Every structure is written in C-alpha cells, then in structure tokens.
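The values are calculated or read from the model by the stated rules, or taken from the named source; none is laboratory data. Here the structure is a predicted model, which is why all the values come from computation and not from measurement. Glycine also receives a Cβ, built like all others from the backbone with ideal geometry; neighbour counts cover every protein chain displayed. Quick note on the areas: whole protein, heavy atoms, side chains included, nothing else; ligands and nucleic acids left out. Shrake-Rupley method; radii C 1.70, N 1.55, O 1.52, S 1.80 Å.
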Amino acid sequence: MILSIIIPVHNDPEGLTRLLRQLQDMAVFDQIIVSDDASDMACRPADLGFDEMAMGVTYLRSDQQRGAGHARNQALAEVTSDHVLFFDSDDLLSPEFPSLLQSLIPSPSQSLDDMAFDFCIFRHIDSRSRAEGVLGPMDSDQRLWDALAGDQGGPRLLEATEVATLAMVAAYPWNKIYRTGFLRDQNIRCTEIQVHNDIELHWSSFLMAKRVLATRQLGCEHFVAENGVRLTNRRGRERLHVFDALEPLHGILTQTSNAPLFLVPLVRFYIHLFDWILQRLDAQYSESFHQKISQFLLAQHSPATISFVAAQDPDLARQINVHIRRGWA
Amino acid sequence: MSFSFIVTNYNIEDYVGACLDSLRPCLQPGDQLILVDDGSSDLTAEEIISWLERNAPLEGIEVCPIFLGANTEGGVGIPANIGLQEVRRAAVFFVDGDDWLNVEGFRAARRRFERSDCDLLIANYSLYDEASAQITAPADQPLWHEASRAHSAEACRDLALRMIGVPWRKIYRASFLHDQAIRFPEGPFFYEDNPFHWRVCLAARHIAFVDRGLCFHRVNRAGQTMAAQGAELEAFFDHYETILGALPDDRYRADYQAGALRWLLENMAWHVERLRPEAYWSYGCRAAETLALIPEADWQALRHCPVAQRSWAMARALARGDLAAVVADWRGQETLRCLAAVNQRLDQVEEAAQHRAESLQALRHWADAEREVAAFESLQALQAARQK
C-alpha cells in the first residue's frame, strides 16, 4: 500500500511542526501534502526545519483563505499514491497507526481482493475522553462501534446494514484511509465552505462505497480545546452554509440502491446537527438559520420520503415538521 | 359358552346409548343382557327403554331390564349385586354404562376365556379423558410385561392383586362367584369394587391375563365417582379392613396382609392430591385409626417397595398419631399447588398484558406516522400556495 497524507493548515505552525516530527519518525507515508490555506505567515515545512525532499513533502498554498475543504480538494488532486489519509495539523497519529496499516496488508492466505476496500474506518482517541480516563472516541461514537457484531479486533468487511449504522459516527475526515481511485471515480470531495466542509466527504463516502472495512484499532488522537479557535467553536454566519454540504447528499441518495438503509440515519444526523448548530449560533443568525432549515427540508422531502421516515421513526418525522413550521414563524 | 352381561347405570343419559351400541355386536345368541338402572334422576332409564325398542327383537338374547326406581346407598355395589342375582349364564361380564366396548378386544378376551378353565380373566383397557378428548393407557400398564412370566397360580394372584381392581375389565366364571358367594360390599360408601377384587383374586383357583383392550373408560366426566375429593375417600380404610377380614386362612394372612397395606398406601398417594382442605381432618383421623393398628411386620415387609414409598412417610406419621403434622404438610402442599396455579395465571395475564401493550404501541406508532405524513403534506401545500 502506497499512502499519502493530506494536511490542511491555517496559522498553525506549532501543530504542523509537532505532526511533521511524528510523521518523520513514523515514516509510513510516501507522500505528505501540506495544503496551506493562506496562513498569515506561510506554514512551509522547509521553513519549519524539515527536509521536504527527504520526507516526500508536497507544499501547496492558496492565495486567499477558502477553508479546509478547498485545501483538501486541492491536495487530493496532487495525490500520486493509491491510498490517502486526510488529516488535521493539530491532531496526532496514535503509536498504533503503523500496526493498523500492517493489518490492512493481505496475509499470505488472503488474496488482494479479500482486503480490497473503498475506505477503512478506524477508531480514534478523543482528548475529552482521555481527560476522563478513557482511551477511545466519545460515548455516542463508542456505542455505534459496540453495536457492530463480531470480535471487532482487526479490520473486517461490514455488511450493508452495518455500514448504515456506522455512518452515524461523528463526520470527521481523518478517521478513514481512502482508496484514491474510489474518491476520484465517484468524484467525492469536501464542500468548499469554512465549516462543515467534511460532512459531504463523510456521508458521500458511506453512501457510495461498495466495500467498507472497519477496525477497532485506535488510529489517531483528536485534540479539542474548549473555547479555542477551532472550527468547532465558531458561532458565526459561516454555519449557515451547512446546506451546501447537505443538499448534494440527498441527490446521491436518490441514485443509490442503499437509499432505504441510509435515509433515516442521514435525516437523523442532520436534524441532530441543526439542533447542535442552534445551540452554538449567535442569536442574530438563528432566525435566518430556521428559515434555511425549513426551505431545505421542504425542498429535499416528499410525502414519499416522509412516509418512509415516519414508518420507522414517527418522532423524527415530527421533528422535521417542527423545523418546517419554526422556519415560518 | 354363553355370557351374562351386567350393565350398571346411574345418571348417564348422554352416554348409555353409545355404550349399548358398542355392546350390541358383542352379544351372541344365547347370551343374557342384564340392564340395571340405579334410580337415575335424569333420562337414563328412558334412554335404555328407547334403545331396547330400537333394537328389538334381540334374536336369541335374554334381556333382563331392572329399574330400581330410587338411587341405592353407596356406589355401584347394590345394583351390581342385583344384577349378579339375575345371572343365568356361565360367564359374567360387567359393563360400566358410560364406557364403550372395543368389540375386537372383547371378542379376543371372550375366546380366550371360553378356551380356558380359569375362574377369572383380566384384560387391558384404555382411558378416555372427556375434557381433553385424549386416549391414554391406565396406570398399571407397566405390569403387563409380567403377565407372560406369571406361570404359577400364586404368581398370577400376586400380579392380579397389584393391578387396578375395576370389575369391568374382567370376565368371571359365574359358578365360581356363586359357589364362593362373592358379592360387592353394600353400605354408605364408594369404591366397593376394591374388596370385591380382593375376594375374587384370593378365591380364584386360576387367573388368566390377556393384553387386549376390552373397553374405553370415560374419565374427567362431571359427577363421576372417581372425581371424588372429600370424605367418601375414607371408604378405603373400611375396604382395607374388609379385605383383611376376608383373607380366608392363616396362610393367606401371612402372604397378603402386607399386600393389602401396599394397596392401601398406593391409593392414599392419590387421595392426598385430590382431598379438599375441609376433608383433611376427617380423612386424617379415619386414616390414623386404621393405620395405628397395623403390625410392624407389615410395615417392614414394604420398606423397600417403591409403590408403598409414595405415601410412606405420611402413613407412618399418621400411624404414630402425628395428625397435626400431616395435615400441616397437606396444607403446605395445597398452598404450593395454589401458588403454582396463581403463578401460572399471573404469567398468562402478564403475557396478555404485554401483548396488548405491544399492539397498542404499534397502533400508536402507526397513528403518529400517519399524522406526521398528513402534517407534512399540508405544510407542503401551504408552501406551494405561498409561492404563488
């Protein structure tokens, strides 16, 4: 397996330095693409003391800040390897990552096809869980992992229903190793918006993948600083662009034969997301956001989809109607 | 050889017709049909007359109908004895008026009796449960494998005494009953066929066995003697004393006293399961009275007998006069039976409630879903109207 790592970066030379040091030591990536989203002071690995040639670093830079989605898409176009990992400059790989990679290489008794995958999702350590003494993701994610049957040690091919279940894990870009050909053939990309750029990448991957592997091994650690400048803590109008990420997903859903498996999880995901955003959004934007939610739901749903959702989860259908009404108030 | 059939009847208007229908093909010219109605208060007597009219003339059959007009004391003892008095043929066969005969089985038993010089022939039968419509074998079915091995007269007698003593499974030589002057005990009690069985078995010179089902015996019928649950079961202690008193000589006394006790203990085992709580003290006192007089040698003879063990501890305690302890135990057992029944009922109720709750929840789920779909459709229509 030839593997690339894509690292979008914006004004985070410390984080990038820390990560590049780890990558240098680990030496498992053939290509490291640093995609600088117009940092005020360029975050160029060479300037931070790294030998770009020796490490296989490709450095890209936007002339204006357009968000991590754009930075990732730009980097993906430069990938030369057969597999790729999206990452963040302020996170770190786990010490287990090399052995995780090793477990994706077919054993002598397996054919290449046995281990072929469109993407392989792995667990991660959330710094908030670690603070509570748990090495793993947040509880809501862990419950989904626990719902998977089997020994759940190394990578395992998931059934279609399991794929739909696991799609509900937090929509991060950096917990999956992708087959580059899968992303390119299906034209899967990040939404080029400031926040929520990774929702489209996550869900369209789940909707379109034919072979998904999952492993309980812990691939990386995600650091969350409360009240920091991370995207998570943004409260402004950039959140209103979340619909740019969601609309294409309904389009994909109409084309996939797995739509009956995914419709309810997807709706559940974004209804929850709307509530999450409403809790963080500055009050001045909430009316506008309510209106957008209402328009989005009316445009994307039909009596047929509502009937389907309601038959499985009447309360979810009720929440859709509540959101539509609230947008009119 | 001609037969005298004695059909005893009491309040069985729904069954006697079918019984006589099944008996008809068993009759041969020269046979005698004695029909005794023990003063039924329902239409049993009318049913008998009507059957006789429908089937008249019964060619070559001497029909002897006897309508007692008033119900006699006790169970089947008096009507059966009255029937016996009328017997004019060489063999006697009792028929319970609410049972029905298995024609093939009866004919096989009859042929066997005719070829044999036995005083008594014992055959098999089936139980028909009126409530569940199930046919089962009687409780002494396991004893049948001994029948082919019982060669000596004493071995046959021992086996016969351990079998269920009902009269309607047997064919009797009439001269034998007459010469020995064997009759049912008469008195204010039921289960009089037990002492009769003992007298017959002890007096018979030769007993034969044939493992063919003679008849289907109806059980679980309302009003049936075997459904007794109260003081009438105390008759067994009288019967036990009658059986002991009738043991003909010292030789029999030595051999069969313990056998009689085994018979009593075997019956006590099922009595306890049937007894109503209000009959506990009365039954217990009567049992203690009889059991206290039983010699230790009889008890010791049964120490290792599995049949006797079924009621052993209880009977020994009653013999010692520990009546209170035994009744307390019966009450405990009864409480456990009640509790088990209550628990079973609770389980059923719980299951039904759960089922109802699930149905209700499914209905609510459906109604909620329908409501939301309707709400969405009206919101969509409203939106379309706004955009115009």
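Within region B:336-380, the residues that become at least 30 Å² less accessible when every protein chain is included than when their own chain is isolated (1.4 Å probe; DNA, RNA and ligands ignored) are B:His365, B:Ala369, B:Glu372, B:Val373, B:Phe376, B:Leu379, B:Gln380. The trypsin sites (Lys or Arg not before Pro) of region B:71-109 meeting both criteria, a DSSP state outside H, G, I, E and B (loop) and at most 14 other C-beta atoms within 10 angstrom of the site's C-beta, are B:Arg88.
Measuring r between the beta carbons of B:Ser50 and B:Asn71 and using R0 = 30 Å, the FRET efficiency lands at 0.90. The Rg/Rh ratio for region B:39-108 is 0.96, where Rg is the radius of gyration of the alpha carbons and Rh is the Kirkwood radius.
Here the spin labels are modelled as points 7 Å beyond Cα on the Cα-Cβ line, and at B:Ser152 and A:Ser107 they lie 7.6 nm apart. Think of each Lys and Arg Cβ as +1 and each Asp and Glu Cβ as -1; about the Cα centre, that makes the dipole of region B:1-92 roughly 400 debye. Taken over the C-alpha atoms, chain A has Rg and Dmax values of 19.9, 64 angstrom.
Farthest towards the positive end of the charge dipole of region B:273-379, among the residues B:Trp312, B:Ala340, B:Leu291, is the Cα of B:Leu291, using unit charges on the Cβ of Lys, Arg, Asp and Glu. Couplings 3J(HN,Hα) for region B:283-294, derived from phi with the Karplus relation 6.51 cos²θ - 1.76 cosθ + 1.60 (θ = phi - 60°), are 5, x, 4, 5, 4, 4, 4, 6, 5, 4, 8, 6 Hz, where x marks Gly and Pro. The alpha carbons of chain B stretch over 116, 62, 44 Å along the principal axes, in descending order. The Cα atoms of the protein assembly as shown cover 132, 66, 52 Å along the three principal axes, with the biggest extent listed first. Return the tail of the calculated pair distribution for region B:63-210, meaning the percent of Cα-Cα pairs more than 24 Å apart. That tail contains 34 percent of the Cα-Cα pairs. Listed by number, the DSSP H helices of chain A that run 20 Å or longer by alpha-carbon position along their axis and have mean Kyte hydropathy of at least 0.5 are A:242-255, A:259-280.
What aspartates and glutamates does A:Lys210 reach when the alpha-carbon gap must be under 15 Å and sequence neighbours fewer than 8 apart in one chain are set aside? List returned: A:Asp113, A:Asp114, A:Asp118, A:Glu159, A:Glu162, A:Asp185. Remark: spin-label model distance B:Ala181-A:Arg325 equals 10.2 nm, labels positioned 7 Å along the Cα→Cβ axis. Restricting to DSSP loop positions (anything but H, G, I, E, B) with no more than 12 other Cβ atoms inside 10 Å of their own Cβ, which trypsin sites (Lys or Arg not before Pro) remain in region B:300-365? Hits after loop and neighbour filter: B:Arg303.
Within the set of other residues whose C-beta is less than 10 Å from the C-beta of A:Arg66, count the net charge using Lys and Arg as +1 and Asp and Glu as -1. Kindly include the intermediate steps, with their values, before the conclusion.
Working: positive: none; negative: A:Asp37, A:Asp63, A:Glu192.
Value of the local net charge: -3.
Calculate, in whole percent, how much of the Cα-Cα pair population of region B:309-388 lies beyond 21 Å. Tail fraction, whole percent: 66.
May I ask for the angle, rounded to the nearest 10°, between helix B:103-115 and the longest principal axis of chain B, with both axes built from Cα atoms and the value confined to 0 to 90°? Its long axis makes an angle of about 20 degrees. Considering only Cα atoms, the convex hull volume of region A:170-310 works out to 131 Å³ per residue. Taking a point 7 Å out from the Cα of B:Val103 in the direction of its Cβ, the residues of region B:1-35 whose backbone N falls within less than 11 Å of it are B:21-27. Taking other residues whose beta carbon is less than 14 angstrom from the beta carbon of A:Val309, and scoring Lys, Arg as +1 and Asp, Glu as -1, yields -3. Sequence-distant contacts, meaning Cα pairs under 8 Å at least 6 residues apart, place the relative contact order of chain A at 17 percent.
Can you give the helix-only mean residue ellipticity at 222 nm for the protein assembly as shown, where every DSSP H stretch with n ≥ 4 adds -39500 (n - 2.57) and the sum goes over all residues, rounded to the nearest 500 deg cm²/dmol? Write out the running numbers ahead of the final one.
On the way: 29 runs with 359 residues, N = 717.
Only helices count here, giving -15500 deg cm²/dmol.
By the Cα gyration tensor, region A:1-110 has an equivalent ellipsoid whose semi-axes, rounded to whole angstrom, run 25, 15, 12 from largest to smallest.
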